[in-house]
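Here the structure is laid out as structure tokens; the discussion comes afterwards.
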Amino acid sequence: MTRGLKRNQVGITEEMIQTYGQTIFELSHNYQVRRGDPVREMNWDEIEKQRPGTGMSDIEIARKLGLTHDQTTYIRTIMERRRFDRHKYHRLYDLGGGKRYRKERYVPHNERFTFRPEALALRKALDFDPRISSKHLKLGHWNGDTVAGWLEKWADETPDAIAVRGPGGDMTYAEADNRSLRLANALLGLGIQKGDVVAIQLPNTEEFVLPYLAVTRIGAVVSTLHMPYRAGEIEPLLRHASARAVVCAPATGSYDAPAAMLALRDSVPTLETVIVAAAPDGRVPDGAVSLQTLIDEGPTTAIGNPPVAADPAILCFTSGTSSAPKAVVHSCHTMLANNRVTASLYGMTGDDVVLGGPPFTHAFGLCVLNIALMVGATSLLMPAFSPPGLMDLIEKGKPSVLFVAPAHVAACMKAGLLDRHDLSSVRIATISGSACPPDVAYALEKALPNGSVGQMWGMTECFMGLHTPFDGPAAVRCETLGGPTPTFEARMVGADGAIVPDGEDGELEIRGCSVIAGYFGNDDANRLAFTGDGWFRTGDLARRNADGTVCITGRVKDLINRGGIKINPTDIEAVIDTHPAVLMSAIAPVPDEVLGEKGCLYIQLRGNSKVSLEQICAWLADKGVAKMKWPEQLVVVAEMPMTPTRKIVKSALADAPRA
């Protein structure tokens, strides 16, 4: 065993043994193929030649699989105990032992690091079916890469390259490495340790990037909180995550984040530390800690118990349109694998400048941040979106790679800005976050004289799952989502569980190296979302075309059952959105005594425009939409409830403020 250490000191669960045990056993010295006796004969060339067949050491296996040395040794020993009759191997127990004991290497057990119970509970969300984990490990989809490892690589190889460019100026990779190391040690000094959850509620600024790098550097877990959230939304998320600390922005006229977070310590039992990004005067309220002070005063000593790829890295709550967010835990295995398998699509290098529209508090935003880090590129930061702000940033910051949501492009279109700015620096642009009308994708393509537009479908649970090739025909890139991301699989399934033929709608199911094992602390959701053979039920309706490309056609839960006829509102909303008086629209089902359900149209008007239900129906009739699909109620809202990636939250429409 690992010198008598307990499981909570090594960070091991029974599920981890099930996940990694067979792979470790097969890679270890337990399986050996030897020819002759080159060791006795001191035939060094033959020893080296036969080395691959004699298995790997524990430390070699640990590096390959992204585990710690102790975790590998513990799991290997457990597997040996379960497979061998130990009474037949007395001689093995006489090898090594105390003869190799060195006092300077020994740490008393009562002084060893111990995971908190909450940290071990969180690890259970990474309990993959052993068949799935073995597949990804053997195929190399999962390896030992970590966020900290990528940062340290570029700090060593290209220290003067720009890692982050934002409103506060440039930060090189060497500076990012130094500052995040100082902050990491300062966090350890505050009592935050490996496996603890640290929540961050900050915009896309350097103040977000450094805590993200520092928290993952010590093996703690980053949990993101969207900027519009207030105490009522934040409290249940912090409680569910058992967060130990939170990093937030200074107080503003509309929101006193530090005061809100400090007050939450009374209702979130685990919450101890509130860290505040610097206010203009550098002050933070009593009871809080200054982020800048931690960075300035933290030591630069090496982290003594660094994370490995199998450790939990991020905990995100789904920002989807359901009313009950679900907790998604990714390790660096699943999180960074997605960046690696999409590398061939993007062809990025350290010379690229990457601008992401989505917030870093969303999985899409973190994916963009990580893909730049993977190749040592520059992340160009946009703290808040506005159409003029985005266009100006592209023109002045000259990004070569752009990630945006359809709403970003549509807003710039409607403001008439796409044709008035120089977007010539953009080489490739990815649109994702929600369904994109083809005219929006084509408009962006037209505005990029040297660029190609592509589309991507993804979810918090799997990151990038479908993707168009950037060198494909415009019709594929602007009108479809392409096909599965490299190494991924996708299928469309009907209500009866059978795979539907091409051309028909079905629920999209996805399988791949970045799909999570399950939601944290939500068994009911897991039973509904995951099949027994590794498929994830996305809840999206999709159709596979004859050429193999995929189109999202709606959401399963958004279907309106009108008298037994299922109506998909997505296409109807797209037609209504083209009405000159409509800024955006959404159709949701409402109860009906006769039909069971009928469609209620919610619209946000453009400027001072006005429109009636009759006028909307006349517009639909003129566009050839069947009468049975027309909405039967109209509600005008002051503002659509939106997710951070600009998707309409249909479950919140009924409570949205009226215009």
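The values are calculated or read from the model by the stated rules, or taken from the named source; none is laboratory data. The model shown is predicted, which means the values in this text are computed figures rather than measured ones. Virtual Cβ from ideal backbone geometry, glycine too; neighbours counted across all protein chains shown. Only protein heavy atoms, including side chains, enter the accessible area calculation; ligands, DNA and RNA are left aside. Shrake-Rupley method; radii C 1.70, N 1.55, O 1.52, S 1.80 Å.
Of the residues in the range 361-376, how many are outside any helix (DSSP H, G or I) and out of contact with any Pro (no Cβ under 8 Å at 6 or more places or on another chain)?
Count: 1.
With the condition kept exactly as written, say whether any residue in the range 295-311 is of a type outside the set (Val, Ile, Thr), out of contact with any His (no Cβ under 6 Å at 6 or more places or on another chain) and not in a loop (DSSP other than H, G, I, E, B).
yes
Being assigned to a helix (DSSP H, G or I), out of contact with any Ser or Thr (no Cβ under 6 Å at 6 or more places or on another chain), open to solvent by 40 Å² or more (accessible area, probe 1.4 Å) and within 28 Å of PRO641 (Cα to Cα) is the requirement here; does ALA259 meet it?
So ALA259 fits the description; yes.
Where in the range 535-617 are there strands (runs of 3 or more DSSP E), lying wholly inside it, with at least 1 residues that are hydroxyl-bearing (Ser, Thr, Tyr) and surrounded by 14 or more Cβ atoms within 10 Å (Cβ to Cβ)?
Strands (runs of 3 or more DSSP E) meeting the threshold: 536-544, 550-555, 582-592, 596-605.
Of the residues THR538, THR531, THR487, only one is touching an Asp or Glu at 6+ places or on another chain (Cβ under 9 Å), of a type in the set (S, T, N, Q) and under 24 Å from ARG340 (Cβ atoms); which?
After applying the criteria, what remains is THR538.
List, please: which pairs have Cβ atoms under 7 Å, are six or more places apart or on different chains, and start with a residue in the range 124-146 that is open to solvent by 40 Å² or more (accessible area, probe 1.4 Å) and end with one that is among the polar types (S, T, N, Q)?
Close Cβ pairs satisfying both conditions: LYS124/THR13; PRO130/GLN18; PRO130/THR19; PRO130/GLN22.
Give the range 455-505 a look and list any residue that's of a type in the set (Gly, Ala, Ser), free of Cβ contacts under 8 Å to residues at least 40 places away in the same chain and open to solvent by less than 30 Å² (accessible area, probe 1.4 Å), or say none.
GLY472, GLY494
For the structure I just gave you, tell me whether ALA302 is open to solvent by 60 Å² or more (accessible area, probe 1.4 Å) and either out of contact with any Phe, Trp or Tyr (no Cβ under 7 Å at 6 or more places or on another chain) or on the phi > 0 side of the Ramachandran plot (or both).
Judged against the criteria, ALA302 is a match.
In the range 414-436, what residues are aliphatic (A, V, I, L, M) and either in a loop (DSSP other than H, G, I, E, B) or touching a strand residue (DSSP E or B) at 6+ places or on another chain (Cβ under 7 Å) (or both)?
ALA415, LEU417, LEU423, VAL426, ILE428, ALA429, ILE431, ALA435
Restricting the search to the range 573-601, which residues are β-branched (Val, Ile, Thr), at pLDDT 90 or above and in contact with a Gly (Cβ under 8 Å, 6 or more places away or on another chain)?
ILE587, VAL590, listed by residue number.
Looking only at helices (runs of 4 or more DSSP H) that fall completely inside the range 1-116, which ones have 1 or more residues that are of a type in the set (Lys, Arg) and modelled with pLDDT of 70 or more?
7-10, 44-50, 58-65, 69-83
Looking at the range 262-278, can you tell me whether even one residue there is open to solvent by 20 Å² or more (accessible area, probe 1.4 Å) and at pLDDT below 95?
yes
For the range 515-534, how many residues meet the condition of being part of a helix (DSSP H, G or I), of a type in the set (S, T, N, Q) and in contact with a strand residue (DSSP E or B) (Cβ under 9 Å, 6 or more places away or on another chain)?
Within the range 515-534, residues that are part of a helix (DSSP H, G or I), of a type in the set (S, T, N, Q) and in contact with a strand residue (DSSP E or B) (Cβ under 9 Å, 6 or more places away or on another chain) number 0.
Could you give me the residue pairs with C-beta distances under 8 Å whose first residue belongs to the range 155-183 and is within 24 Å of ALA384 (Cα to Cα), whose second residue is modelled with pLDDT of 95 or more and of a type in the set (Lys, Arg) wherever it lies, and which are 6+ apart or on separate chains?
Partner pairs satisfying both residue conditions: MET171/ARG165; MET171/ARG179; SER180/ARG217.
Criterion first (over 22 Å from the mean Cα position of the chain (by Cα) and farther than 20 Å from ILE162 by Cβ) does HIS421 satisfy it?
yes
Collect the residues in the range 346-388 that are within 20 Å of VAL198 (Cβ to Cβ) and among the hydrophobic types (A, V, I, L, M, F, W, C), keeping them in residue-number order.
PHE360, ALA363, LEU366, CYS367, LEU369, LEU373
Could you say whether any residue in the range 637-646 is in a loop (DSSP other than H, G, I, E, B), over 27 Å from HIS226 (Cα atoms) and under 36 Å from the mean Cα position of the chain (by Cα)?
Checking the range 637-646: not a single residue is in a loop (DSSP other than H, G, I, E, B), over 27 Å from HIS226 (Cα atoms) and under 36 Å from the mean Cα position of the chain (by Cα).
Residues in the range 504-511: is at least one part of a strand (DSSP E or B) and more than 27 Å from ARG131 (Cβ to Cβ)?
Yes - at least one qualifying residue is present in the range 504-511.
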